[in-house]
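The values are calculated or read from the model by the stated rules, or taken from the named source; none is laboratory data. Note that the structure is a prediction, hence the values are computed from the model and not measured. FYI the Cβ positions are ideal-geometry reconstructions off the backbone, even for glycines, and counts take in every protein chain you see. To get the accessible areas, we keep the full protein, side chains included, count just its heavy atoms, and leave off ligands, DNA and RNA. Shrake-Rupley method; radii C 1.70, N 1.55, O 1.52, S 1.80 Å.
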Amino acid sequence: MTDIVLNIDGKEVTAAAGATVLDAARQAGIHIPTLCHFEKLEAYGGCRLCMVESESRGKTSYVVSCLYPVENGLVVRTRSAKVDKIRRLIIEELMAHAPEAPELVALAREYGADKDRFEKEPIYCILCGLCERYCAEVKQKNAIGFVGNGPEREISFVPEIAAKECNDCKECFPLCPTSYLQAAFVLVESLTFAPAAAEPVAAQG
Amino acid sequence: MPKLESVAALESLRSDILARRDATRPCIAVCAGAACDGLDSITVATAFKSEIAKQGLEGKVDLRVTGCHGYCEKGPNVVVGPKDVCYFEVTPEDVPGIVSATLKGEVFEERVYKDPQTGAKAVHMDEVPFYKHQTRLLIGDNPKIDPMKIEDYIAIDGYAALAKALSTMTPDEVLNEVKKANLRGRGGGGFPAGSKWETTKNAPEKTKYVIVNGHEGESAAFMDRAMLTGNPHKVIEGLIIGAYAIGAQQGFIYTRHDAPRLVEHLKAAMAQAEEYGFMGENILGSGFSCNVELHFDVGIFVSGESSGLMRSIEGNAPEPRPKYIRTSVSGIWDKPSNLNNVETWANVPQIITRGADWFTSIGSERSKGTKLVSLSGNVVNSGIVEVPMGTPLRTLIFDIGGGVRDGKSLKAIHFGGAMGGSIPADQIDAKLDFDEMSKLGAPIGAGGLLVMDEDTDMVEVARYLLDFLVKESCGKCVPCREGMYQMLKILTNITEGKGKTSDLDRLGDLMEVTSAASLCALGKTASDPLKSMMRYFKDEYETRIATGGGAGSQAI
Ligand SMILES: Cc1cc2nc3c(=O)[nH]c(=O)nc-3n(C[C@H](O)[C@H](O)[C@H](O)COP(=O)(O)O)c2cc1C
Ligand code: SF4
Ligand code: FES
């Protein structure tokens, strides 16, 4: 496949066709912040922190670099007033839930985010989906899933699977950008309430 | 009924049906659309049935139970053909009177339309103010059809467009006609249907799909349901014509699981269309085949969004897909998939029958044809309305809608539900046009129009719409999930008299980032109502924050 040439932050960058802007930037040593991205997993596009400004055929738009495919002649700016504003607000929104998460604290410093801009409702999980996708895509166990829509969304272990699989694995814990205690807590909770392995599992309504 | 093997067989069936019917015989059409059904119009229909039996009138007077007539405000609706005498708010007690009057060629005066001010009566459909300013190309067939009977549809030239396309036009000719007609999508975006069809047609994959979006999640929008329930064959016919043009072998109809009558009618219509040979293998002996499957939504708004809908048809949760690649190229199971709204598909047969030149003679410069609008809120006549694109809002709200309820004055007009916007009363002469309404900040969306009177609290309107939408976000991406949640909290505080001066600044940032950074169109447009508020009603917000409450009255 022919290589693609694009411009990131004024630098000419070459990337394979089909690569994303994030891949291309990382290869060229240009940093773009991410929270829901992990090389071993399919790109997700949930946290939106990796947004960049892109210019193609005279049109400026804001795209998530973890998903946006490289194209010839594309001009990318990884920082701009608007990009920074988007990132700052996203960090502020997440800090309402996980004010002490080290990754967020560091990002807040870099982007001048005010951790107190929105009323605190600590739930620790920022729903990046890393654990859920790791379990599904890499381990293929589907022991974790999302339940609920909108702000009600939360991660949840499937007790019947978790009771069998999680104890010896726990590979998802270090992926958690906030604190894996939360994941562990949810796990313990699910196991406590899980039916004993020998008993038949009641059908879920 | 044996399958129709040719266009000639269809035409001969049509002649048979018409020969068996007497066009001069009175036909009583009782509306069983959602609103009339809710008013128990079925008891009215039953009363007509027994009255006809009692008087031994079978064969002299026909009875038909139909989909929505449109004038929902005045249901149960009854229309007596062939002269289309309209009766409103009909009760079972009125039935003997209507039947006797009909037999004598007279009118049952008690239930005809009376002008609320002058008392002047209007008897026929084309004299009733609600109807006479409309151009009912799509919804107008509803009173003429029992949706459970394919013969009723065939009797009014049903499937003639499909026959014409298959027997006299190439797929490219069909596509070009739709492109020339400049048919724009009725589901919200106004995207040209022809170019979307072309993209799917030209995509390299051989397997292609066509899909009807009948999810209709927009609040205060009921016209897709009225079309699909009242005239399912028109949508099926449009879909098969589209499949032929695009080269798709498989169609899907995706619709609401929670509308029993819709489901019943659609299932029956699909079975009949298959039995008669309008869908399935070798349609009308043309060699073209297209199967259609029915799928139901999972009761969440975002399942109406194109990529969410396609995930749902695949059997997954309807989470929008973050691909920078269009579903028309890579949709269901990564195959090219052309999705159009119910009303978009319903327009296709008439474009083929009457031609693109006829179609483009209706409407405004860049928005062609008619548009179905659900009229509701503080308006005298709520219902489903169909007018040419470009019709001034004044005609919709005052001439058709009868103006604002209870003699109050108009404050604002809201279009497009929770992803739309509100404009002030002084924009009443704006035209119902995709581009003009978008520029004003109240995009037509699917066509839900809410009339808001002088007592409406514009902070509460935005709060109410966000409260609806926040629960409908799938929660996948941060700016939508968190952004809406924070906006809702701020608006709630303002309505409770706890607003702060910094709130408008925070709202400004939240609106900007939510629309710029969200993954799908739900998040991208979630702050549109609030944006329109900041454009036209900002002073109301400032006053509310400054005076700390003084909560107004109702939302909508
Ligand atoms: C959150 C969301 C909900 C939607 N719901 C519907 C719907 O209920 N019906 C519909 O036709 N289009 C809906 N759409 C628009 C569809 O994504 C799509 O654009 C449309 O069905 C295409 O048909 P058209 O081009 O004929 O308008 C929705 C879009 C979004 C973002
Ligand atoms: S914008 Fe909202 S509905 Fe769309 S993917 Fe993001 S969270 Fe889900
Ligand atoms: S890393 Fe791209 S959206 Fe999270």
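When ligands, DNA and RNA are left out and all protein chains stay put, how many square angstrom of accessible area per residue does the range A:3-111 have with a 1.4 Å probe?
Accessible area per residue: 41 Å².
Give the percent of DSSP beta bridges with both residues in the range B:341-468 that are antiparallel, rounded to the nearest 5.
Expressed as a percentage, antiparallel bridges in the range B:341-468 total about 80.
So for the range B:104-167, Kirkwood radius off the Cα pairs, Stokes-Einstein at 37 °C and 0.692 mPa s: how many µm² s⁻¹?
This corresponds to a translational diffusion coefficient of 223 µm²/s.
Which value, in debye to the nearest 20, gives the size of the charge dipole of the range B:468-547 about its Cα centre, when Lys and Arg are +1 and Asp and Glu are -1 at the Cβ?
200 debye
So if I take the centroid of the Cα atoms in the range B:277-350 and the same for the range A:81-160, what is the distance between those two points in Å?
If you average the Cα positions of each part, the centres end up 33 Å apart.
For chain A, what are the DSSP H helices with axial Cα length of 15 Å or more and mean Kyte-Doolittle hydropathy of at least 1.0?
A:180-193
Which value in deg cm²/dmol, rounded to the nearest 500, describes the helix-derived mean residue ellipticity at 222 nm for chain B, given -39,500 (n - 2.57) per DSSP H run of n ≥ 4 and division by the residue count?
Dividing the helical sum by the residues of chain B leaves -12000 deg cm²/dmol.
Return the percentage of antiparallel bridges among DSSP beta bridges fully within the protein assembly as shown, rounded to the nearest 5 %.
In the protein assembly as shown, DSSP labels about 65 percent of beta bridges as antiparallel.
Give the cysteines in chain B for which no other Cys Cβ lies under 4.7 Å away, or write none if there are none.
B:Cys27, B:Cys68, B:Cys72, B:Cys86, B:Cys290, B:Cys474, B:Cys477, B:Cys480, B:Cys520
Calculated FRET efficiency, B:Glu109 and B:Lys149, Cβ-Cβ r, R0 30 Å, to nearest 0.05?
Efficiency, from the Cβ-Cβ distance: 0.40.
List the residues of the range A:29-51 that lose 20 Å² or more of accessible area once all protein chains are present, compared with their chain alone (1.4 Å probe, heavy atoms only, no ligands or nucleic acids).
When all protein chains are present, A:Tyr44, A:Gly46, A:Arg48, A:Met51 each give up 20 Å² or more of accessible surface.
To the nearest 20 Debye, how big is the dipole of the range A:3-111 about its Cα centre, given +1 on the beta carbon of each Lys and Arg and -1 on that of each Asp and Glu?
With only Lys, Arg, Asp and Glu charged at Cβ, the dipole is about 300 debye.
From the backbone phi of the range B:206-213, what are the Karplus-calculated ³J(HN,Hα) couplings (6.51 cos²θ - 1.76 cosθ + 1.60, θ = phi - 60°) in whole Hz, Gly and Pro given as x?
Once θ is set to phi - 60°, the couplings for the range B:206-213 become 6, 6, 9, 10, 10, 9, 9, 8 Hz.
Under a point spin-label approximation (7 Å from Cα along Cα-to-Cβ), what is the A:Lys85-A:Val105 distance to one decimal in nm?
With each label placed 7 Å out from Cα toward Cβ, I get 3.0 nm.
With a 1.4 Å probe on protein heavy atoms only, tell me which residues of the range A:76-122 lose at least 10 Å² of accessible surface in the complex relative to the chain by itself.
Residues passing the criterion (a loss of at least 10 Å², heavy atoms only) are A:Lys82, A:Lys85, A:Ile86, A:Leu89, A:Ile90, A:Glu93, A:Leu94, A:His97, A:Arg117, A:Phe118, A:Glu119, A:Glu121.
May I ask what percent, to the nearest 5, of DSSP beta bridges between residues of the range B:14-164 are antiparallel?
65 percent
For the range B:432-476, what does the accessible surface come to per residue with a 1.4 Å probe? Please give it in Å².
For the range B:432-476, the solvent-accessible area averages 26 Å² per residue.
Please compute, for the alpha-carbon atoms of the range B:468-547, the extent along each of the three principal axes and give them in descending order in Å.
37, 22, 20
Give, in whole angstrom and from largest to smallest, the semi-axes √(5λ) of the equivalent ellipsoid of the range B:258-311, with λ running over the eigenvalues of the Cα gyration tensor.
27, 16, 5
In whole percent, how big is the carbon plus sulfur part of the accessible area of the protein assembly as shown, probe 1.4 Å, protein atoms only?
About 51 percent, which is the carbon plus sulfur part of the accessible surface.
Remind me, relative contact order of the range B:468-547 in percent, using alpha carbon pairs under 8 angstrom and six or more residues apart?
36 percent
Rg to Rh ratio, the protein assembly as shown, alpha-carbon atoms and Kirkwood radius?
Rg/Rh: 1.00.
Report the gain in length on full extension from A:Ser61 to A:Glu121: 0.36 nm times residue separation, minus Cα-Cα distance, nm rounded to one decimal.
Between A:Ser61 and A:Glu121, full extension yields 18.3 nm more.
Quick one: P(r) of the range B:20-144 from all Cα-Cα pairs, 10 Å bins, percents rounded to integers, in order of increasing distance.
14, 48, 33, 5, 0
With each pseudo-label sitting 7 Å past Cα toward Cβ, what's the B:Asn202-A:Asp114 distance in nm, one decimal?
Distance between the two pseudo-spin positions: 5.0 nm.
If only Cα atoms are counted, what is the Rg of the range A:1-152, and what is its Dmax, in Å?
So, for the range A:1-152, Rg and Dmax equal 16.7, 50 Å respectively.
Taking the dipole about the Cα centre of the range B:370-453, with the C-beta of Lys and Arg at +1 and of Asp and Glu at -1, give me whichever of B:Ser376, B:Ile428, B:Leu393 is farthest to the positive side.
The Cα lying farthest towards the positive end belongs to B:Ser376.
Would you mind classifying the range B:278-390 by shape? Square roots of the alpha carbon gyration tensor eigenvalues, ordered a ≥ b ≥ c; an a/c under 1.5 is rounded, otherwise it is prolate if a/b is larger than b/c and oblate if not.
Oblate, since a/c reaches 1.5 and b/c is not below a/b.
What number comes out for accessible area per residue over the range B:292-352 if the probe is 1.4 Å? Units Å², please.
Ligands and nucleic acids excluded, the figure is 32 Å² per residue.
So how much slack lies between B:Ala23 and B:Ala53, counting 0.36 nm per residue of separation and subtracting their Cα-Cα distance, in nm?
8.7 nm
Which residues among the range A:42-80 fall inside the zone where the amide N is under 12 Å from a point 7 Å beyond the Cα of A:Val5, along Cα→Cβ?
Residues A:72-74 fall inside that zone.
How far is it, in nm, from the label point at B:Asp406 to the one at A:Gln140 when both lie 7 Å from their Cα along the line to the Cβ?
Reported label-point gap for B:Asp406 and A:Gln140 is 6.4 nm.
Say R0 is 22 Å: what FRET efficiency, to the nearest 0.05, do B:Gln117 and B:Asp40 get from their beta-carbon distance?
0.15
Among B:Ala19, B:Tyr71, B:Met125, which residue has its Cα positioned farthest towards the positive end of the charge dipole of the range B:1-131, with +1 placed on the Cβ of Lys and Arg, -1 on the Cβ of Asp and Glu, and the dipole taken about the Cα centre?
B:Ala19
Using +1 at the Cβ of each Lys and Arg and -1 at the Cβ of each Asp and Glu in the range B:20-144, identify which of B:Ala29, B:Phe88, B:Val61 lies farthest towards the dipole's positive end.
Final value for the positive-end residue is B:Val61.
Applying the Karplus parametrisation 6.51 cos²θ - 1.76 cosθ + 1.60 with θ = phi - 60° to the phi angles of the range B:189-194, what ³J(HN,Hα) value in whole Hz is obtained for each residue in order, glycine and proline being reported as x?
x, x, 6, x, 4, x
Going by a 1.4 Å probe on protein heavy atoms, which residues of the range B:480-505 end up with at least 20 Å² less accessible surface in the whole assembly than in their chain alone?
The answer is B:Arg481, B:Glu482, B:Tyr485, B:Gln486, B:Lys489 - residues whose exposure falls by at least 20 Å² when every protein chain is included.
Give the B-A buried accessible area in Å², both sides summed, 1.4 Å probe, nearest 100.
2800 Å²
Per the Debye formula with a single identical scatterer at each Cα and no solvent contribution, what log10 I(q)/I(0) holds for the range B:158-357 at q = 0.09, 0.11, 0.14, 0.15 Å⁻¹?
The computed values of log10 I(q)/I(0) come out as -0.29, -0.43, -0.73, -0.85.
Which FRET efficiency value, to the nearest 0.05, do you get for A:Glu154 and B:Lys498 by plugging their Cβ-Cβ distance into 1/(1 + (r/R0)^6) with R0 = 25 Å?
Efficiency, from the Cβ-Cβ distance: 0.35.
Treating only the Cβ atoms of Lys and Arg (+1) and Asp and Glu (-1) as charged, compute the dipole magnitude of chain B about its Cα centre; round to the nearest 20 debye.
In total the dipole reaches around 840 debye.
Above 14 angstrom, tally the Cα pairs of the range A:33-79 and express them as a % of all pairs, no decimals.
48 percent
In Å, what Rg and Dmax follow from the Cα atoms of the range B:357-488?
Rg and Dmax of the range B:357-488, Cα atoms, are 15.9, 50 Å.
What's the Cα-based Rg to Rh of chain B, Rh via Kirkwood?
That ratio equals 0.98.
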